[in-house]
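Read through the structure below, which is laid out as structure tokens, and then see the notes.
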Amino acid sequence: MWIVAGAGLVGSLIAFVLSFVRVADFVGSPTTYVAILIAGNVLFVAIPLLIYAARKPHWKTTKAQPISSRSDGKSRPTSGEAQKQRFRAGKP
């Protein structure tokens, strides 16, 4: 998972840096081009922050709960604990 996330981050950073290289077909001043890029970046960073700030009260969580796939609500044992339990039970 970290490899995929890292690759996505690196790709995004490369795209961000390359976006500041002016294309030859752009008509206008370099200042206008950079201003458009900065405004676009500010807009796309601001949108999630605004959504987070305007979230409804029932969206807020008080404490993170561990994710459990068991019906009794208990968390699953780690692989080492599970291996010890199988060994004690006589299962390979």
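Points worth noting:
- Taking the range 51-89 as the range and being modelled with pLDDT of 75 or more, hydrophobic (A, V, I, L, M, F, W, C) and assigned to a helix (DSSP H, G or I) as the test, the residues that pass are 51, 53, 59.
- Residue 48 falls short on exactly one of the conditions (1) exposed (fewer than 10 other Cβ atoms within 10 Å of the Cβ); (2) modelled with pLDDT under 70, and that condition is (2).
- Count of residues meeting criterion [modelled with pLDDT of 85 or more and not β-branched (Val, Ile, Thr)] in the range 1-28: 10
The values are calculated or read from the model by the stated rules, or taken from the named source; none is laboratory data. Given the structure is predicted, the values throughout are model-derived calculations rather than measurements. When we count neighbours, we look across all protein chains shown, and the Cβ atoms used for this are built from the backbone with ideal geometry, even at glycine.
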